[in-house]
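Below is one structure, written out as structure tokens, with a few remarks after it.
The values are calculated or read from the model by the stated rules, or taken from the named source; none is laboratory data. What you see is a predicted model, and the numbers here were worked out from it, not measured in a lab. Neighbour counts run over all protein chains shown; Cβ positions are idealised from the backbone, glycine included.
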Amino acid sequence: MLFCLSSFGISSSSDCIGMSDIIHLLPDNIANQIAAGEVIQRPASVVKELMENAVDADAHTIQVVVKDAGRTLIQVIDDGKGMSESDAVLAFERHATSKISTVDDLYALHTMGFRGEALASIVAVSQVELRTKPHGAEIGTSLSFTGSKMEGCTPDACAEGSNFQVKNIFFNVPARRKFLKSNEVELRNIITEFERVALVHPDLNLTLIHNGAQILNLPQSVQRQRILNVFGKSLNDKLLNINAQSSLATISGYVTTPDAARRRGAFQYFFVNGRFMKHSMFHKAVMEAFEGLIPEGDCPGYFIYFQLDPSEIDVNIHPTKTEIKFENELPIRQILVACIREALAKQSAVPTIDFQDSETNASLKSIPVYNSSSRNVTNSLPPIQVDPTYSPFANTKKESKTKGFDWEKLYESFTAEKNELRKPEMQEEQPHKESLTFDDDTEFVSAKALSIQNYQYKGKYIVTALGSGLAFIDQHRAHFRILYDRFLAMVSKREGVVEQELFPEVIEFTSSEVITLRSILSDLQGAGFALEDLGDDKWSINGLPNGLGRVNAVSLLKDIVAQTIETELNATRKIAESIAFSMASSAAIPVGKKLMSEEIDQLIADLFSCANPNLTPDGQTIITLISDEELDKRFK
């Protein structure tokens, strides 16, 4: 191969005599490991790639078997087309694919995979065995690989379809294996990838087995039923159907009702042409449609499916293929907002006035209405009586009807008692100032020491006098900090006291949430929760921690599990912090609640006894100061 180096300002080879070449091609095994770093990030990546290959092979039944959260074994069995011996061998080469042939095929994709990197990346970091047979063939093929090296290829009397066994993932990349999370976290990620395939292919029979126990068994069904089979039947009454058809795209699926919005762990799924995707603009569109219907910070759930011409999207952006570009993002966004709002209006999720309702009509009748027939009626004014002899400067003092009674003597006794009560108080010494010192060396003198009453402002802030000015305290955040420290100590020391529920509630989790719940069950019990496994991912809440107050137990547990999943906690201390955070957040005084003076004093005292009264556990400001100097400046 000849290069024209002079065009780059580089001298010819005759001028480079004595210089050694340093650029060379990487061996295939190293190149495959580099590619595997992008494609195969964890065991869940292997499950995703092999399940998508099974879907592309027109399988009707897919079974996934994992051991030790995929560290030891990942097995995917399908009844798809299968492969011949030559195809099976070639499939493990880099950029070997049956999905595309020309550049134009990239803009007309109807398959999940197309890069031809998945199998090559998998065999680069694991030990792989494949048994496959095409439909109608008398005998199949068995292949075995270890770190990109094929060790065997023999005929095999196997079933039609493909059977992949991926063993000891990252066995030859110890650095990658070391950075894998706990088994609970890795299994949860496997379930997530399994669910994404299941939600977009309800026509498939899918099974997930972990360590011999069946996690999910999803028979062929319709779209709505598949969602309920994955996330629980309790979601049935909270799903609103959306549907919109246009020349740009067809949008279908479901959104949850506003009352089902959750602060954490909301079910949020976008699919385009049968492929799971993440899209921040479309997510903001959903949030815009729910604006004013859900509390700030809460998120609705959604399962939204887009169907459009493959030439109008680009999926060839990242090896994971979850980032997709749309040619007409803004118009599709507007259609999405419109169809969600229409669904909310149809299902009466948006409050409306029913003028046919009897109660509404009764209330409307009580509203005064202008009567046009009374326009000519002349209303007479009331008569006015005036005393022409009245003078405000005249002496009009009248004698009391009760004569001979001395009123001054009556009050002499009360005055004497009042003076007697004041004397000891005047003789007392000035009270010693109670003060607290914070990190910024500011001395805080309590309002009690200054003989000033604390004040609640608009049911949100507490105003109290300090040694150097006034402090405005956010009552919700202050109580949040107090409860967090209290619950954290209780959970860490496992000193939680169970308060038995008179009527236990039943809560239903998803398979992924159950994995997390079991991993933190001992910590929950130490905090004072009494939970009982009822089977089928349902649990009974028999008791709550004493002192938690009146909270929604189901929402609280859902929030604890969702936060643990979100942060992928696996250390005991971090799990305790997560539980304490959710408990304190749920039980803290709500904004707008009016407090008695005793409650205000107790809240301030408890806050000032905390190790860090200035900030909430998530870093929000609790106290704002207005110094005496600033007040003086405002009055100048």
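Testing Lys574 on (1) closer than 30 Å to Gly301 by Cα; (2) in contact with a Lys or Arg (Cβ under 6 Å, 6 or more places away or on another chain), one condition comes back false. Which one is that? For Lys574, the failing item is (2). Is there a residue being touching a Phe, Trp or Tyr at 6+ places or on another chain (Cβ under 7 Å), over 17 Å from Asp58 (Cα atoms) and not acidic (Asp, Glu) anywhere in the stretch 167-180? Yes, the conditions are met somewhere in the stretch 167-180.
When Ser609, Ser585 are checked against the criterion of being of a type in the set (S, T, N, Q), under 18 Å from Arg486 (Cα atoms) and surrounded by 14 or more Cβ atoms within 10 Å (Cβ to Cβ), Ser585 stands alone in meeting it. If you go through the stretch 234-283 and keep only what is closer than 18 Å to Phe326 by Cβ and aromatic (Phe, Trp, Tyr), you end up with Tyr269, Phe270, Phe271, Phe276, Phe282.
Looking for something more than 19 Å from the chain's Cα centre (by Cα), of a type in the set (Val, Ile, Thr), farther than 21 Å from Arg71 by Cβ and assigned to a loop (DSSP other than H, G, I, E, B) - is there at least one such residue anywhere in the stretch 216-238? Yes, the stretch 216-238 contains at least one residue that is more than 19 Å from the chain's Cα centre (by Cα), of a type in the set (Val, Ile, Thr), farther than 21 Å from Arg71 by Cβ and assigned to a loop (DSSP other than H, G, I, E, B).
Pairs meeting the criteria (first residue in the stretch 17-46 and farther than 9 Å from Ala124 by Cβ, second residue surrounded by 13 or more Cβ atoms within 10 Å (Cβ to Cβ) and at pLDDT below 70, beta carbons under 6 Å, at least 6 apart or on different chains) are Glu38/Pro319; Val39/Pro319.
Is it the case, given these coordinates, that Ile190 is assigned by TED's automatic domain parsing to the domain that holds Phe276 and assigned to a helix (DSSP H, G or I)? It is false that Ile190 is assigned by TED's automatic domain parsing to the domain that holds Phe276 and assigned to a helix (DSSP H, G or I). Selection of the stretch 505-562 for residues being modelled with pLDDT under 85, at positive phi and loosely packed, with under 15 Cβ neighbours inside 10 Å yields Asp536, Gly549.
Looking at (1) under 30 Å from Glu138 (Cα atoms); (2) not in a loop (DSSP other than H, G, I, E, B), which one does Ala159 not meet, given that it meets all the others? Result: Ala159 fails condition (2) only.
Applying the condition of being aliphatic (A, V, I, L, M) and farther than 15 Å from Gln456 by Cβ to the stretch 598-621 and asking which residue is modelled with the lowest pLDDT yields Ala611.
Annotation note: of Leu25, Leu73, the sole residue that is over 30 Å from the mean Cα position of the chain (by Cα), modelled with pLDDT of 90 or more and among the aliphatic types (A, V, I, L, M) is Leu73.
Scanning the stretch 296-330 for residues that are part of a loop (DSSP other than H, G, I, E, B) and either modelled with pLDDT under 85 or aromatic (Phe, Trp, Tyr) (or both) returns Glu296, Gly297, Val315, Asn316, Ile317, His318, Pro319, Thr320, Lys321, Thr322, Ile324. Residue count for the stretch 189-212 under the criterion of being over 23 Å from the mean Cα position of the chain (by Cα) and either touching a residue at least 12 places away in the same chain (Cβ under 8 Å) or more than 14 Å from Gln75 (Cα to Cα) (or both): the result is 11. Taking the criterion of being among the β-branched types (Val, Ile, Thr) and surrounded by 14 or more Cβ atoms within 10 Å (Cβ to Cβ), the residues of the stretch 612-626 that qualify are Thr616, Ile622, Ile623, Ile626. Test Gln214 against the criterion of being touching a His at 6+ places or on another chain (Cβ under 9 Å) and either basic (Lys, Arg) or surrounded by fewer than 19 Cβ atoms within 10 Å (Cβ to Cβ) (or both), and give yes or no. So Gln214 does not fit the description; no.
If you filter the stretch 581-636 down to residues that are over 30 Å from Glu566 (Cα atoms) and acidic (Asp, Glu), you find that the one that is nearest to the chain's Cα centre (by Cα) is Asp606.
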